[in-house]
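The values are calculated or read from the model by the stated rules, or taken from the named source; none is laboratory data. Values in this document were obtained by computation on a predicted structure and should not be read as measured data. Backbone-built Cβ (ideal geometry, glycine too); neighbour counts: all protein chains shown. Surface accessibility is based on the protein's heavy atoms, side chains included, excluding ligands, DNA and RNA. Shrake-Rupley method; radii C 1.70, N 1.55, O 1.52, S 1.80 Å.
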Amino acid sequence: MIPLVGTVQELECVREEAEKVVAQVRQARGVDLELLIGTMIELPRAAVTAGQIAERADFFSFGTNDLTQTVWGFSRDDVEASFFTAYLEKGIFGVSPFETIDRDGVGALVRGAAEAGRAARPDLKLGVCGEHGGDPESVHFFHGIGLDYVSCSPFRIPVARLEAGRAAAMESGEGRDSR
């Protein structure tokens, strides 16, 4: 997984080098090594140009922590230590965009990038990597836009699994939202 890609050319350069290493290992060790090469989509430019990037990627993993910081233009550490509590108290934010995905901003970029990526490459695997992957509301959003997987810190895995199951059950009509 190649982080902080902003252009397809960056991914192409790194992919070329990775493929050389894989070929060397195959030849030197006689190992049939299969390697998927993809990228983190964590820069707004990458999200906007996802169709181009998808042509050279086997998967996207949306880095929602960094994408949230770059979309909002502020560091999580800085805002949480300074003014963010006041923003929550004044109702400027109903919930921290670092806890639950900002559907109108960051979420719109993820949705658009997922659509553009799959339009360019229908077999593209899509996932999310970050704390949003363990947030119930965010998991339902990611399921609704067709992401294949979520990744999160270990303590959030039970919640992520439960909510992914609920989202799938709700989609199939077998479950109801009992949160």
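Considering only L36, L67, L147, give the residue with the highest GNM mean-square fluctuation for the chain, with springs between Cα atoms whenever their separation is below 10 Å. Judging by the Gaussian network model, the answer is L36.
Go ahead and estimate [θ] at 222 nm for the chain from helices alone: -39,500 (n - 2.57) per DSSP H run with n ≥ 4, summed, over the residue count, rounded to 500.
Taking each H run of at least 4 residues, the total per residue is -15500 deg cm²/dmol.
Taking GluC sites (Glu not before Pro) across region 96-133, the ones in a DSSP loop with at most 15 further Cβ atoms lying within 10 angstrom of their Cβ are E99. Our estimate of slack between S82 and V14, defined as 0.36 nm per intervening residue step minus the Cα-Cα distance, is 20.7 nm. Ligands, DNA and RNA aside, L43 has an accessible area near 50 Å² when probed at 1.4 Å. Taking amide hydrogens as placed 1.01 Å from N in the peptide plane, the amide H of I41 sits under 5 Å from those of S61, F62, G63, each at least 5 positions away in sequence or on another chain.
Can you name the helices of the chain, as whole DSSP H runs, whose Cα span along the helix axis is 18 Å or more and whose Kyte-Doolittle mean is not below 0.0?
106-120, 157-172
The trypsin sites (Lys or Arg not before Pro) of region 1-108 meeting both criteria, a DSSP state outside H, G, I, E and B (loop) and at most 16 other C-beta atoms within 10 angstrom of the site's C-beta, are K90, R103.
Once you sort the root eigenvalues of the Cα gyration tensor of the chain as a ≥ b ≥ c, which label holds: rounded (a/c under 1.5), prolate (a/b larger than b/c) or oblate (the other case)? The shape class here is prolate. Sorting M1, M40 by solvent-accessible area of protein heavy atoms yields M1, M40, largest first, with a 1.4 Å probe.
Taking a ≥ b ≥ c as the square roots of the eigenvalues of the Cα gyration tensor, region 119-179 is oblate, since a/c reaches 1.5 or more and a/b is not larger than b/c. Summing +1 for each Lys or Arg and -1 for each Asp or Glu among the other residues whose beta-carbon sits under 15 angstrom from that of S82 gives -2.
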